[in-house]
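Working notes, structure below.
Read the figures in this text as sums done on the coordinates, not as results from a lab. These numbers come from a predicted model, not from an experiment. Because the Cβ atoms are built from the backbone with ideal geometry, glycine has one as well, and the counts that use them run over all protein chains shown.
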Amino acid sequence: MPEPILQLHGLDAHYGDFQALYGVDMKVMEGEVLAIIGSNGAGKTTLMRSITGLLSNGPAQIKYRGVDISAQRADEIAVQGLAMVPEGRQLFPSLSVRENLMIGAQVGRKGPWDLDAVYKLFPILEERKDQQSTSLSGGQQQMVAIGRALMANPDLILFDEISLGLAPIIIKDIYEALPGIIGEGMSAIIVEQDISKALSVSSRVYCLQEGRVSLEGASDTVSREDISRAYFGIE
Amino acid sequence: MDWLNAIVQGTLLGGLYALFAAGLSLIFGVMRLVNIAHGDMIILAAYLGLTVTTATGLHPLLALVLVVPTMGVIGYVLQRGLLNQTLGDDLLPPLLVTFGLSVIIQNGLLEVYSADPQKMDAGALETASVAVGGLNLGVLPVLTFAVAVAVIWGLQWTFYHTALGRAFRAVSDNQDIAQLMGLNRRHIFGVAMALALGVTAIAGILLGIRTSFDPSIGGGRLIFGFEAVIIGGLGNLWGTLVGGVILGVAQTVGAKIDPGWQILSGHLAFLLILAIRPNGLFPRIS
Ligand SMILES: Nc1ncnc2c1ncn2[C@@H]1O[C@H](COP(=O)(O)OP(=O)(O)OP(=O)(O)O)[C@@H](O)[C@H]1O
Ligand SMILES: [Mg+2]
């Protein structure tokens, strides 16, 4: 029986007076790929920011490997093997491609991912290694963002809308690379607007609607009607 | 020859101004903090140097071995204990707090050392000079300029070729994402301030050998440092050196025309460059 690597209990999140998440319960099992879907503004990115410690959380709302991490800082959480590919890529503009990758390894975790492994996965990045990250195309920037997260050799990796703003052909490439990335016992949460993409790569799916979990199920059995109801709130 | 002499002396003086400015430029670059107390910290370092030299009999340049790390520790503790708490979206709190620090440092120095001007005794170094092509160059100004170049080269190298420099740039680019890379920005900021005050220590000691100082002159050094940073362009350390040199040359050339014009002509050069290039000559940060 695999253990959950991540467990959320009644997670709330606020931006000032505005509440963005309401009592989210969720769990990610060891080695599992979880998908999170939901319309714009549903709270998906907020959820990622809460998990990674960029937003402050209430006590005992987030457990990672059985330990309450709700009060920890983002950098303390990162060194425990939780990495994120953030929405909109958010590379460091004053760092070269290579430096953007290197800084991902700053957490100092051992594992299969190093510069060579990332260059093998995305050969174009080796050609562009000395360029400023902002000079790359959107798809290449996304590769850097993914590589940067992998360099941390995480146990749990969060992908926040990695296909956003990319050409379909690039999206296809990136999704084809995903199984190779997530293999080797890593767990993952994939936030994705494209529902069929999300379902095809995950074993379970959660749908968020206005800050609440509106659906939870196995990706291969959940029905289209359930999803559109959970997604749009149409009865 | 006289004019050439003024320009060369001004260039060398610019090295000192660049040292005043380097620390300011560094902390602004990393954490967007404008340190109003920077000039007073330079003077604090000069007084620390004075205490060390009088207590131990060390040469002021050797006193750097103690004063640089002391200022570094002060910088780290100050940043972690106080200044980090003021950083956020609002630029006003750090300005107010460092202004308050400036007042506190000045009054503290007055209390401990009194208002009497002091000077550090560097022996023969103060008067030694070398003749170069008909010009008589003071060894101390030449040394100061060489130190400024070395310090800026060292900072530049740290910024672009070390993991620490990469962390500085990453935190400066995007604090949140840098945290996700396992970088604790509060610690990184502390290290940046430690480095900045280490440079400040060098500036303070060289100042204290060159001229007499008292607790009230920090504000003036802050202005020169600011002007050098702005002339050179924000975020560019070599630019800061150029800014210091332009300021120094403007001052010595102004003083050559009329001794009363020294400071004024520096400010005028600053305003002129601001009017032509509002972002300075070589800006890296907009
Ligand atoms: N920094 C912020 N300050 C205030 N409100 C915010 C902030 N960021 C997000 N919100 C609000 O929180 C809610 C959830 O936003 P969030 O970005 O988490 O949604 P999302 O599901 O990721 O949407 P998208 O699909 O557009 O990325 C939205 O109503 C949004 O307006
Ligand atoms: Mg989002």
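Spin-label model, A:Asp194/B:Ile257: points 7 Å from Cα along the beta carbon direction are separated by 6.7 nm. Of the listed pairs B:Lys119/B:Lys256; A:Lys27/A:Lys197; A:Lys63/A:Lys120; A:Lys44/A:Lys129; A:Lys27/A:Lys110; A:Lys120/A:Lys172, which have alpha-carbon separations greater than 28 Å here? Pairs exceeding 28 Å: A:Lys63/A:Lys120; A:Lys44/A:Lys129. Over the range A:1-110, Cα pairs under 8 Å with separation of 6+ residues give a relative contact order of 23 percent.
With both labels modelled 7 Å from their Cα along Cα-to-Cβ, the B:Leu4 to B:Val149 distance reads 1.9 nm. Counts of other chain beta carbons within 10 angstrom of each beta carbon in peptide A:87-95 average 5. Note on B:Val65/A:Asp173: beta-carbon distance plugged into 1/(1 + (r/R0)^6) with R0 of 41 Å gives a FRET efficiency of 0.10. Against chain B, whose longest principal axis comes from its Cα atoms, helix B:218-232 is set at around 80 degrees. Within the shell defined by Cβ-Cβ distances under 14 Å, the residues around A:Arg98 carry a net charge of -1, with Lys and Arg each +1 and Asp and Glu each -1. Here r is the Cβ-Cβ distance between B:Glu111 and A:Ser137 and R0 is 45 Å; the resulting FRET efficiency, rounded to 0.05, is 0.15. Got a sec? Which residues in the range A:21-41 would a label at A:Asp226 touch, if it sits 7 Å along Cα→Cβ and we count backbone N under 20 Å? Flagged as within label range: A:24-29, A:32-39.
Across the range A:31-42, rounded Karplus estimates of 3J(HN,Hα) from the backbone phi angles (6.51 cos²θ - 1.76 cosθ + 1.60, θ = phi - 60°) give x, 8, 10, 10, 10, 10, 10, x, 6, 4, x, 5 Hz, Gly and Pro being marked x. Using θ = phi - 60° in the Karplus curve 6.51 cos²θ - 1.76 cosθ + 1.60, the 3J(HN,Hα) couplings for the range B:26-41 round to 4, 6, 5, x, 7, 10, 6, 9, 9, 9, 5, 8, 4, x, 5, 5 Hz; x is entered for Gly and Pro.
About the centre of its Cα atoms, the range B:2-276 shows a dipole size close to 540 debye [charges on the beta carbon of Lys, Arg (+1) and Asp, Glu (-1) only; nearest 20 debye].
Across the range B:240-250, coupling constants 3J(HN,Hα) worked out from phi with the 6.51/-1.76/1.60 Karplus curve, θ = phi - 60°, read 4, 5, 4, x, x, 5, 4, 5, x, 5, 4 Hz, and Gly and Pro carry x.
Backbone amide hydrogens, once placed in the peptide plane, bring A:Ala20 within less than 5 Å of A:Ala13, A:His14, A:Tyr15, excluding anything fewer than 5 places away on its chain. Taking amide H atoms as placed 1.01 Å from N in the peptide plane, the amide H of A:Ser214 lies under 5 Å from those of A:Cys207, A:Leu208, A:Gln209, each 5 or more residues away in sequence or on another chain. In plain terms, the chain from B:Ser212 to B:Ala55 could stretch by 54.6 nm, reckoned as 0.36 nm per residue minus the Cα-Cα distance.
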